[in-house]
Amino acid sequence: MRIDVVSIFPEYLAPLELSLIGKARQDGLLDLAVHDLRSFTTDRHRTVDDTPYGGGAGMVMKPEPWAQALAAVAAAGPERAEGTGKPVLIVPSPAGERFSQAIAHELAEEDQLVFACGRYEGIDERVLEWAAEHFTVRPMSLGDYVLNGGEVAVLAMVEAVGRLLPGVVGNPESLVEESHSDGLLEYPVYTKPSSWRDREVPAVLLSGNHGKIAQWRRHEQYRRTAERRPDLLETFDAGHLPRADRTAFGELGYDVVDGRLQRRPNA
Ligand code: 6GU
């Protein structure tokens, strides 16, 4: 996969040289380039922003440097046959669609991702309209809070996508048993010593009974998800649960109705 990131703070993206993603780049699994938006300006002051039409606080990013930068990174991308897919342009913004593990999986199938890091109050909207001719444009938000710019969000999204690329995570099994891979939060984990500061590891994990361990872990996932992220249970497929799992949900205050979990009134 090819990834291009355009930012006025390319140094912000330095962590992409570290750890799993840095290794993936070294191993040639990921071709990632960071570009300084200012290098696509033509004025002496390398201006990237200006005051907003209509008034209001803050500054808006000017369209022309962005058009130059995006045209350059699209041209540097992988060869495509005429009329086949476009690169995906991801625009980090608190006003975007919510990024998720499902979207990370979608993006991991693409041949080129371009991230356009806005700062200030954002990028002139006409850039996104123009870019739609050359890219599939996807404004993306990490969640309902405000960052000063897209760079930190890009670090998160590149890591979430990069670790799904073939060969990046050494043991692909670890991608299966993790939070959100099955729409639930992950179960709690423990390591040695089995007794630590008067706290014991749950006995079932020392039992060697793999069936019991799997069931305990599943029930812990249900308990945690009900407590921390009950919204995830609204879409959980409860249609084919073993009796013990229905009972576990029953104890958490949920009934199974038509294959869906339903919070019992006054539970
Ligand atoms: Cl993707 N960008 C910015 N600037 N702020 C955010 C965000 C993204 N997601 C949440 N807040």
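Take every DSSP beta bridge whose two residues both sit in the chain, then give the antiparallel share in percent to the nearest 5. Each step should come with its number before you reach the end.
Values: 8 of 30 bridges.
Here the antiparallel bridges make up roughly 25 percent for the chain.
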Review point. What does a probe at Q262 reach in segment 220-240, counting residues whose amide N is under 20 Å from the point 7 Å along Cα→Cβ?
Key: 226, 230-240
Practice item. Quickly work out the A71-to-A57 label distance, labels modelled 7 Å from Cα along the C-beta direction, and quote it in nm with one decimal. Key: 3.6 nm
Exercise for review: Could you tell me which helices of the chain pass both thresholds, a Cα extent of 15 Å or more along their own axis and a mean Kyte-Doolittle hydropathy of at least 0.0, with helices taken as whole DSSP H runs?
Suggested key: 63-76, 151-162
Review point. Expressed as a whole number of Å, what is the distance separating the alpha-carbon centroids of segment 15-88 and segment 102-163?
Key: 11 Å
Practice item. Net charge near F9: determine it from the other residues with C-beta under 12 Å of the C-beta of F9, scoring Lys and Arg +1 and Asp and Glu -1. Key: -1
Exercise for review: Restrict the search to segment 176-205; then list the GluC sites (Glu not before Pro) that DSSP places in a loop and that have at most 14 other Cβ atoms within 10 Å of their Cβ.
Suggested key: E177, E178
Check your understanding: In segment 188-245, which trypsin sites (Lys or Arg not before Pro) fall in coil by DSSP and have 13 or fewer other Cβ atoms within 10 Å?
Key -> R197
Exercise for review: With label points built 7 Å along Cα→Cβ from the Cα atoms of D231 and L175, find their separation and express it in nm.
Suggested key: 2.6 nm
**Study point:** Karplus 3J(HN,Hα) series, Hz, for segment 93-98 with 6.51 cos²θ - 1.76 cosθ + 1.60 (x for Gly, Pro)
**Key:** 6, x, 8, x, 5, 6
Check your understanding: In segment 14-85, which chymotrypsin sites (Phe, Trp or Tyr not before Pro) fall in coil by DSSP and have 10 or fewer other Cβ atoms within 10 Å?
Key -> Y53
Review point. In a solvent-free Debye calculation with one equal scatterer on each Cα, what is log10 I(q)/I(0) for the chain at q = 0.08, 0.10, 0.14 Å⁻¹, listed in the order of the q values?
Key: -0.47, -0.68, -1.03
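Can you tell me how segment 138-267 classifies by the Cα gyration tensor, rounded, prolate or oblate, using a/c under 1.5 as the rounded cut? List each step's numbers first, then the result.
Working: a/c = 1.86, a/b = 1.25, b/c = 1.50.
Cα axes put segment 138-267 in the oblate bin.
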Exercise for review: Could you tally the net charge around A33, taking each other residue with its Cβ under 13 Å from the Cβ of A33, Lys/Arg +1 and Asp/Glu -1?
Suggested key: -2
Check your understanding: What percent antiparallel are the DSSP beta bridges of segment 1-104, to the nearest 5?
Key -> 25 percent
Check your understanding: Highest GNM mean-square fluctuation, the chain, Cα pairs closer than 10 Å: which of L113, L252, L37?
Key -> L252
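Accessible area per residue for segment 1-116 in Å², computed with a 1.4 Å probe and the full protein assembly in place, what is it?
Spelled out: the 1.4 Å probe surface of segment 1-116, per residue, equals 54 Å².
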Check your understanding: How much accessible surface area, in Å² rounded to 10, belongs to the heavy atoms of Y120 with a 1.4 Å probe?
Key -> 90 Å²
Revision key, fill the gap. DSSP beta bridges in segment 40-149: the antiparallel percent, rounded to 5, is 15 percent
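The values are calculated or read from the model by the stated rules, or taken from the named source; none is laboratory data. This structure is a prediction, so every number in the text was calculated from the model and none was measured. Heads up, the Cβs are rebuilt from the backbone with ideal geometry, glycines too, and the neighbour counts pull from every protein chain shown. Heavy atoms of the whole protein, side chains included, go into the accessibility calculation; ligands, DNA and RNA do not. Shrake-Rupley method; radii C 1.70, N 1.55, O 1.52, S 1.80 Å.
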